[in-house]
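I have placed the structure first, in the form of structure tokens, so that the comments after it can refer back to it.
The values are calculated or read from the model by the stated rules, or taken from the named source; none is laboratory data. If you're wondering where the values come from, they're calculated on a predicted model, not measured in any experiment. Neighbour counts are summed over all protein chains in view; Cβ atoms, including those assigned to glycine, are modelled from backbone coordinates with ideal geometry. Side chains are part of the model used for accessible areas, which takes the heavy atoms of the whole protein and leaves out ligands, DNA and RNA. Shrake-Rupley method; radii C 1.70, N 1.55, O 1.52, S 1.80 Å.
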Amino acid sequence: MSEKLATLSFSDGKPSVDFPVLGGSVGPEVIDVRALYAKTGMFTYDPGFMSTASCRSNITYIDGDEGILQYRGYPIEQLAEHCSFLEVAYLILNGELPNQRQLEVFVDIITHHTMVHEQLVRFYSGFRRDAHPMAVLCGVVGALSAFYHDSIDINDPPSREISAFRLIAKLPTITAMSYKYNTGQPFMYPRNSLSYVENFLYMMFGTPCEERKPNPVLTRAMERILILHADHEQNASTSTVRLAGSTGANPFACIAAGIASLWGPAHGGANEAVLKMLGEIGDAKNIPSFIKRVKDKEGHAMLMGFGHRVYKNYDPRAKIIQKTCHEVLEELDLKDDKLFKLALALEKVALEDDYFIKRKLYPNVDFYSGIVYKALGIPVSMFTAIFALARTVGWIAQWTELIGDPDQKIGRPRQLFTGAAGRDFVPMEKRK
Ligand code: SDX
């Protein structure tokens with residue numbers, strides 16, 4: 001079959017030019033415009049990457065119109081139902097689900113990398129006690145590069161793999177430490193007898209004074225939330241990790257860049273913003289006036305946890321989290337939780353409102369996750385840090401894919417220049 005081409009023609013009589021059309025395994029085809037500048041002297045203009053595929057990837061697939069999300073081809077619903085977080089992490093990193101032996105080896109490796117260097121512990125005392133956990137995470141994860149920079153050869157696959165293990169293993173420890181530092185409680189060393197998620201909850205909520213028994217329903221809920229957040233194609237933070245990685249920077253520095261990018265309220269910071277928004281609305285009777293403010297775009301008011309660049313349908317993760325929310329509230333005897341009821345009422349109003357229908361705005365992953373976290377006793381300021389913990393798996397898998405990609409080049413976009421055209425220097429005495 002001959003190569004499919006896209007032809008670009010111009011209204012000013014310039015000769016038209018052809019570009020190859022590339023097909024993936026599933027999803028929209030892409031026009032390969034790499035030769036555009038060489039052929040025409042023009043660039044594409046696409047702020048926000050509305051129509052740009054920035055790379056090839058075989059990790060995560062989203063069909064935004066159908067509300068489909070798959071990791072390595074497996075539907076998110078099945079993975080969330082049947083897998084542990086580390087099983088999913090193995091899948092995302094390696095492309096296949098592990099067999100029993102492979103999973104045991106992987107769990108053992110991760111379990112034995114959970115401690116952090118004692119020197120790293122001292123970084124925490126440089127922060128104020130009330131420092132936002134995401135600020136601490138940016139700093140401490142960035143500092144990891146100071147511990148491993150000299151030993152990393154990013155062109156060596158085993159060296160890349162050990163970096164991935166270290167990051168996945170240490171993020172729960174570093175995240176829990178940022179919470180303990182806030183509260184003034186002692187840092188808890190990881191416990192190798194616990195699962196990944198049990199250990200994280202132990203390091204968050206355990207104290208040296210008493211034994212803590214994990215609650216299986218709550219552990220499972222956290223496990224599921226981590227699975228749902230593990231990867232999501234070329235979102236803003238993942239693209240940040242890839243851009244930093246394209247320069248050859250070490251993976252710890254790249255993940256720190258991803259954490260910074262995730263923090264914003266339009267991205268991972270939305271889970272924190274949802275709780276603040278629900279707190280401000282306060283009562284179902286205030287929903288209509290809040291929705292009016294959003295529709296009037298009054299003071300940049302937004303329905304946080306709603307809308308998505310790719311999903312023009314229900315985010316499949318939001319559906320699973322809503323169900324998890326029911327289970328957790330039932331387990332904790334909080335069925336009448338005021339915030340959950342308010343969120344359900346707000347969702348109903350929005351889904352029936354023309355403004356949201358016309359713009360295809362549905363709940364996203366962040367809409368219900370905060371209510372589950374809150375029920376688990378996690379403070380609002382930790383929500384985005386937990387997102388970062390889970391997304392570290394996706395970031396490091398995407399970074400690894402990038403480094404091994406023969407098409408990879410340093411990320412270097414161009415611009416449509418709108419500033420002053422060349423002009424001569426004006427001496428001070430002649431300036432107005
Ligand atoms: C995540 O990309 C990923 O995959 C991200 C993520 C992941 O797993 O990595 O899924 C995680 O980041 C989820 C998104 C969390 N953010 C929020 O919940 C914040 C609220 N949402 C919006 O900021 C917004 O919907 C975005 C940022 C998520 C998407 O932005 P887009 O694709 O650039 O869309 P847009 O801002 O251009 O919106 C189109 C229209 C606009 O109205 P008009 O100018 O056409 O009149 O819809 C409106 C927007 O004003 N709109 C909203 C809205 N979201 C979009 N109006 C009110 N409330 C909202 N939440």
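Going by the conditions given, is LYS348 away from the ligand (no atom under 11 Å from the Cβ) and free of Cβ contacts under 8 Å to residues at least 60 places away in the same chain? Please lay out each step first, then the result.
Values: away from the ligand (no atom under 11 Å from the Cβ): yes; free of Cβ contacts under 8 Å to residues at least 60 places away in the same chain: yes.
So LYS348 passes the test.
Could you check how many residues of region 111-145 are open to solvent by 80 Å² or more (accessible area, probe 1.4 Å) and within 27 Å of ARG191 (Cβ to Cβ)? Before the answer, list the steps.
Step one: of region 111-145, the residues open to solvent by 80 Å² or more (accessible area, probe 1.4 Å) are 112, 115, 117-119, 122-123, 125, 128-130.
Now drop any that are not within 27 Å of ARG191 (Cβ to Cβ), which leaves 112, 115, 117-119, 122-123, 125, 129.
Counting residues in region 111-145 that are open to solvent by 80 Å² or more (accessible area, probe 1.4 Å) and within 27 Å of ARG191 (Cβ to Cβ) gives 9.
Quickly run through region 274-319 and pick out the residues that are within 13 Å of the ligand (Cβ to nearest atom) and β-branched (Val, Ile, Thr).
Hits for region 274-319 are VAL274, ILE291, VAL294, VAL310.
Give me the pairs, please: first residue somewhere in region 28-50 and within 15 Å of ARG412 (Cα to Cα) and of a type in the set (S, T, N, Q), second residue anywhere and at pLDDT 95 or above and open to solvent by less than 100 Å² (accessible area, probe 1.4 Å), beta-carbon distance under 8 Å, and either six or more positions apart or on two chains.
THR44/VAL33; THR44/LEU36; THR44/THR52
Test each condition in (1) in a helix (DSSP H, G or I); (2) in contact (Cβ under 8 Å) with a residue 24 or more places away in the chain; (3) over 20 Å from GLY377 (Cβ atoms) for ASN155 and report the one that comes out false.
(1) is the only condition that ASN155 fails.
For residues that are without any contact (Cβ under 8 Å) to a residue 40 or more places away in the chain and near the ligand (Cβ under 9 Å from one of its atoms), tally how many sit in region 351-370.
1
Is at least one residue of region 265-272 at pLDDT 95 or above and more than 9 Å from the ligand (Cβ to nearest atom)?
Within region 265-272, none of the residues are at pLDDT 95 or above and more than 9 Å from the ligand (Cβ to nearest atom).
Across region 234-264, which residue is most open to solvent (accessible area, probe 1.4 Å) among those that are within 9 Å of the chain's Cα centre (by Cα) and near the ligand (Cβ under 9 Å from one of its atoms)?
ALA236
With (1) closer than 22 Å to TYR362 by Cα; (2) more than 16 Å from the ligand (Cβ to nearest atom) as the list, and GLY48 as the residue in question, which single condition is left unmet?
If we test GLY48 against (1) closer than 22 Å to TYR362 by Cα; (2) more than 16 Å from the ligand (Cβ to nearest atom), just (2) comes out false.
Working only within region 280-303, note down all residues that are farther than 16 Å from ASP353 by Cβ, at pLDDT 95 or above and not charged (D, E, K, R).
Of everything in region 280-303, just one residue is farther than 16 Å from ASP353 by Cβ, at pLDDT 95 or above and not charged (D, E, K, R), namely GLY282.
Can you tell me which residues in region 146-187 are under 17 Å from GLY268 (Cβ atoms) and either surrounded by fewer than 19 Cβ atoms within 10 Å (Cβ to Cβ) or in contact with a Phe, Trp or Tyr (Cβ under 6 Å, 6 or more places away or on another chain) (or both)?
Selection gives PRO172 alone.
Every residue in region 28-59 that is of a type in the set (Asp, Glu) and open to solvent by less than 90 Å² (accessible area, probe 1.4 Å), please. Walk me through how you get there before you give the answer.
So the first thing to find is which residues in region 28-59 are of a type in the set (Asp, Glu), and the list is 29, 32, 46.
Listed by number, the residues that qualify are ASP32, ASP46.
Is it fair to say ASP296 is open to solvent by 10 Å² or more (accessible area, probe 1.4 Å) and touching a helix residue (DSSP H, G or I) at 6+ places or on another chain (Cβ under 8 Å)?
no
Need pairs with beta-carbon distance below 8 Å; first residue at pLDDT 95 or above and within region 391-411, second within 14 Å of the ligand (Cβ to nearest atom) and of a type in the set (Lys, Arg); sequence gap 6+ or separate chains.
GLN398/ARG242; TRP399/ARG242; LEU402/ARG242; GLY411/ARG242
How many residues does region 64-75 hold that are closer than 9 Å to TYR311 by Cβ and acidic (Asp, Glu)?
Total meeting the criteria: 1.
How many of the residues making up region 348-385 are open to solvent by less than 10 Å² (accessible area, probe 1.4 Å), under 18 Å from VAL197 (Cα atoms) and in a helix (DSSP H, G or I)?
Final tally of qualifying residues: 8.
Condition first: more than 30 Å from LEU226 (Cα to Cα) and within 16 Å of the ligand (Cβ to nearest atom). Can you find one or more residues in region 10-30 that meet it?
Checked against the condition, which is being more than 30 Å from LEU226 (Cα to Cα) and within 16 Å of the ligand (Cβ to nearest atom), region 10-30 yields no hits at all.
Would you point out which residue out of SER2, SER25, SER11 is open to solvent by 50 Å² or more (accessible area, probe 1.4 Å), assigned to a loop (DSSP other than H, G, I, E, B), closer than 30 Å to LEU416 by Cβ and of a type in the set (S, T, N, Q)? Show your work before the answer.
Values: SER2 fails: closer than 30 Å to LEU416 by Cβ; SER25 fails: closer than 30 Å to LEU416 by Cβ.
Criteria check complete, one pass: SER11.
Report, by residue number, each residue of region 304-337 that is over 17 Å from ALA270 (Cβ atoms), acidic (Asp, Glu), touching a residue at least 24 places away in the same chain (Cβ under 8 Å) and part of a loop (DSSP other than H, G, I, E, B).
ASP337 - this is the single residue of region 304-337 that is over 17 Å from ALA270 (Cβ atoms), acidic (Asp, Glu), touching a residue at least 24 places away in the same chain (Cβ under 8 Å) and part of a loop (DSSP other than H, G, I, E, B).
Return the total of residues in region 80-110 being crowded, with 18+ Cβ neighbours inside 10 Å, of a type in the set (A, V, I, L, M, F, W, C) and more than 27 Å from PRO186 (Cβ to Cβ).
So the answer is 8.
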